[in-house]
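A short worksheet on the structure shown next.
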2 protein chains.
Amino acid sequence: MNSRRNFLQKMGVSALALKLAPITSMAADNPEAIISPYDGPVLRVAIMGIGTYGNIVARALQASTKAKLVGVVSGSPAKVKDWQTKYGIPDKNVYNYDNFEDIKNNPDIDAIYVIVPNFLHKPYVLRAAKTGKHIISEKPLGMTAKEAQEIVDGCKKAGVKLLVGYRMHFEPKNLEIIAMRKAGDFGKIKYFTGNGGFKIQDPNQWRLDKAKAGGGSMMDIGIYAINGARYMIGEDPIWVTAQEAPKSDPVKFKEGVDETITFQMGFPSGVIAQCLSTYGMNNVDRFLMIGEKGYAELNPANGYGPLKGRTHKGDLKAVSPPMQQTIQMDEMAGILLEGKTAVVPVDGEEAVKDAKIIDAIYAAVKSGQKVPLKL
Amino acid sequence: MNSRRNFLQKMGVSALALKLAPITSMAADNPEAIISPYDGPVLRVAIMGIGTYGNIVARALQASTKAKLVGVVSGSPAKVKDWQTKYGIPDKNVYNYDNFEDIKNNPDIDAIYVIVPNFLHKPYVLRAAKTGKHIISEKPLGMTAKEAQEIVDGCKKAGVKLLVGYRMHFEPKNLEIIAMRKAGDFGKIKYFTGNGGFKIQDPNQWRLDKAKAGGGSMMDIGIYAINGARYMIGEDPIWVTAQEAPKSDPVKFKEGVDETITFQMGFPSGVIAQCLSTYGMNNVDRFLMIGEKGYAELNPANGYGPLKGRTHKGDLKAVSPPMQQTIQMDEMAGILLEGKTAVVPVDGEEAVKDAKIIDAIYAAVKSGQKVPLKL
């Protein structure tokens, strides 16, 4: 890619960013981010699946510096027309679910971001990997650890890099807490609570269909508490116990679709995490970590909006971006194009660990027993 | 008691209250509390055990209107002298552990507040009950549910009223949340977390001696989360599960003395409570209750100092008293002398329920199994 093209690409992105959001305090702190043109490599992304979350990522990409939306895979021609207009996607970068393997012949696409219902992650990622392009998959990577591992293996075999859409791994306030933990500000970590959830509405959505989602709230929001506990504490759990609350609505929450699960994870250092995953209530979105010398809390902890948090030293200082996915995509570009390393890994192996924990939580709910883990 | 004596008693108390603390906003809101003399019955209390907490209750009683410290039972003559001077206790109201049954012949004492290490609750309450005076016992009432029940039965047999020192049952911000829950402000309750604990220091104190305490943190601070969950949710649990974290210090936390236990309680309506009881860390003292329409939180939730809290409607408005025990003693006087009813019961049966839950938590830690409860 020549540097003139990069420059123009970058200028376009900046202009869009300025249109999208007023100059943020982040930008104000670092005027260079707006003033000096970005001159590095840019990840050219095709989004597969243009539902609600696909739209969010597309909007976020408008403000990214290192990543750019250039293509789309969709089964809805009408929606695609709209996207082409909105995001300036040329016809030659538009694919459907029958022909998207042809992306392998498209030199203007570097990566495919798979944003489809959970049950389609495996078949679509495995097909997409055959294009030789980098893959980003939404989480959960697989509906089971076995599926997640098959996806990882498939991408390895195809020789493509696989990342998973862990937006919180790049979220500034989460990273600020992790940096403080690594600097010893909390002392030895002793306890963690992670609550995630919301009251789910439409009973007919795929997220409430076991065959399509692989489970219930745990597959969607529970994973934030699981994953959050791991990166906040900085360890992987060695056991889980779990309890399921009675379902409030048998029509909404059918067999195999969990509404509310409480679960506990034990870590090698002795920390116990108590977590909540729920589709049955709002106002639960909170993380709390206790160490020997202090504490950290986030509330809200998982939402798309700006997070808030504090530690024993006062309010968190890191500035929340207008859209978390903008930073995610910039950072993923660095990983895929420049071999950068994420503070908290976002690779397939990370997702396999989360999937193993989810498998264990479901098993613990069924058996009522503590389930040992080896990640 | 004639009304002149009541008037003088009351005036003395008010003068002390004014000396103790500057006019609180509570008093400022209700000038009558200071200006008009209290003319009702006054509970004349002898405190048994003048350790740290006995001292706190004695100080708190100085500001009570309906209760007054008049006597003491102690095995430390030197300490007693100091108390007599500080609190104006006449020689005739001073007893030791050999002769305190003689209180039965003392018409100037209405109640005995037993504030001794846990293993002495049963023998001392049963002996004190024989005086025919009302009994207030510190919590946990017994070291096991069996002991607690024996204490309840003993008091019943002796024909005396038994109350348990649940100071939080009268704490204004807790009561504000309970009133809001009863008014439907939170809708159906869905979830509760109660964390209680602190980093315990002196390894030689009786609280770290299984024979004297009956256990570890659960017997001291865990009970706040258990009890708090019950009165906040307004139900009694039907099962518990529990996990014990590895001990950080085998010298401090010997066999049978728990440092940190996480436990879960299931309630008839489907609510699950996740709780923490710990002697191993600070900054944990928090309650959170989630309902369908909103939430309530307290942080700190259990300390002696003023509690802080908020709901989805904003900060809690109830004014924290300078000392919670002042309100507790005033309210207990109303219960014992005027047959008033507490919003949250403080009787022996309440304590037996908590003791049954503690027994079940310890059993669940050992077995790793869910333990069903019938309270």
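The values are calculated or read from the model by the stated rules, or taken from the named source; none is laboratory data. It should be emphasised that the depicted structure is a prediction, and the values quoted were computed from it without experimental measurement. Virtual Cβ from ideal backbone geometry, glycine too; neighbours counted across all protein chains shown. Just so you know, the surface numbers come from the protein's heavy atoms only, side chains and all, with ligands and any DNA or RNA stripped out. Shrake-Rupley method; radii C 1.70, N 1.55, O 1.52, S 1.80 Å.
The protection proxy used here, the mean number of other Cβ atoms lying within 10 Å of each residue, ranks peptides B:160-171, A:48-59 as follows, highest first: B:160-171, A:48-59.
Using just the C-alpha positions of region B:231-337 as equal point scatterers, what log10 of I(q)/I(0) does the Debye formula give at each q in 0.12, 0.14, 0.16, 0.23 1/Å? Per q value, in the given order, log10 I(q)/I(0) is -0.62, -0.82, -1.01, -1.22. Tell me, what % of the accessible area of region A:106-176 is carbon and sulfur with a 1.4 angstrom probe? Ligands and nucleic acids excluded, carbon and sulfur reach 59 percent. Shown are B:Asp315, B:Asp258, A:Asp209, whose ranking by accessible area with a 1.4 Å probe and every protein chain present, most to least, is B:Asp315, A:Asp209, B:Asp258. For region A:202-261, a simple Cβ point-charge model (Lys and Arg +1, Asp and Glu -1, everything else neutral) yields a dipole of about 140 debye relative to the Cα centre. Close amide-amide hydrogen proximity is noted between B:Gly165 and B:Ser137, B:Glu138, B:Lys139, each under 5 Å apart and 5 or more residues distant or on a separate chain (H modeled in the peptide plane; Pro and chain starts excluded). Ordering B:Lys146, B:Lys133, A:Lys340 by accessible surface, largest first, gives B:Lys146, A:Lys340, B:Lys133; the 1.4 Å probe counts only protein heavy atoms, with every chain in place.
Ordering B:Ala179, B:Val251, B:Asn93 by the projection of their Cα atoms onto the charge dipole of chain B, which places +1 on the Cβ of Lys and Arg and -1 on the Cβ of Asp and Glu, puts B:Asn93 at the extreme positive end. Assuming charge only on the beta carbon of Lys and Arg (+1) and of Asp and Glu (-1), the dipole of the protein assembly as shown about its Cα centre is about 220 debye to the nearest 20. Inter-chain neighbour count for B:186-193: the average number of beta-carbon atoms from partner chains within 10 Å of each residue's beta-carbon is 5.
Interface burial in region A:352-375, defined as at least 30 Å² less accessible area with all protein chains than with the chain alone at a 1.4 Å probe, covers A:Gln369.
B:Asn282 sits among other residues whose Cβ lies under 11 Å from its own Cβ, and their net charge, with Lys and Arg +1 and Asp and Glu -1, is +1.
For B:Asp98, the solvent-accessible surface computed with a 1.4 Å probe is close to 140 Å², ligands and nucleic acids excluded. Sorted on the mean count of surrounding Cβ atoms within 10 Å across their residues, most packed first, peptides B:240-249, B:103-112 read B:240-249, B:103-112. Note that region B:262-375 presents 37 Å² accessible area per residue, ligands and nucleic acids not counted, probe 1.4 Å.
Summed over both chains, the contact between B and A buries some 2700 Å² of accessible surface at a probe radius of 1.4 Å. Calculated mean residue ellipticity at 222 nm for chain A: -10500 deg cm²/dmol, from DSSP H runs with n ≥ 4 weighted as -39500 (n - 2.57), summed, divided by the residue count and rounded to 500.
For the protein assembly as shown, DSSP calls about 55 percent of its internal beta bridges antiparallel. Accessible surface of A:Ile89, taken over heavy atoms with a 1.4 Å probe and every protein chain present, rounds to 10 Å². Per residue, region A:63-136 exposes 41 Å² of accessible surface when a 1.4 Å probe is rolled over the protein heavy atoms with every protein chain present.
Would you mind telling me which residue in B:Tyr224, B:Tyr295, B:Tyr113 has the biggest mean-square fluctuation in a Gaussian network model of chain B, where springs connect alpha carbons within a distance under 10 angstrom? Per the Cα network of chain B with a 10 Å cutoff, B:Tyr295 tops the list. So, how do all the Cα-to-Cα distances of the protein assembly as shown break down into 20 Å bins, in percent, from 0 on up? Going from the shortest bin to the longest, the percentages are 16, 42, 27, 13, 3, 0. The mean number of partner chain beta-carbon atoms within 10 angstrom of a residue's beta-carbon across peptide B:226-232 is 0. Return the single residue from A:Pro90, A:Pro140, A:Pro321 with maximal mean-square fluctuation; model: Gaussian network over chain A, springs between Cα atoms under 10 Å. Result for chain A, Cα springs under 10 Å: A:Pro90 fluctuates most. Candidates A:Leu337, A:Gln325, A:Leu276 compared by Cα position along the dipole of region A:275-361: farthest toward the positive end lies A:Leu276, with charges placed on Cβ.
Close Lys pairs in region B:255-370, defined as Cα atoms under 28 Å apart and 8 or more places apart or on different chains, number 13. Note on A:Thr311: accessible area is roughly 10 Å² with a 1.4 Å probe, heavy atoms of protein only.
Each DSSP beta bridge with both residues in chain B is either parallel or antiparallel, and the antiparallel ones are about 55%.
Think of the protein assembly as shown as having a plus end and a minus end, set by charges on the Cβ of Lys, Arg, Asp and Glu; of B:Asn302, A:Pro140, B:Gln369, B:Asn302 sits farthest toward the positive end of this dipole. Across every direction, the projection of the convex hull enclosing the Cα atoms of chain A has a mean area of 18.3 nm². Expressed as a whole percent, the accessible surface of region B:244-375 that belongs to carbon and sulfur atoms is 53, based on a 1.4 Å probe.
Peptide packing for A:356-365, B:366-375 was compared via the average number of neighbouring C-beta atoms within 10 Å per residue; ordered from the highest value, the list is A:356-365, B:366-375.
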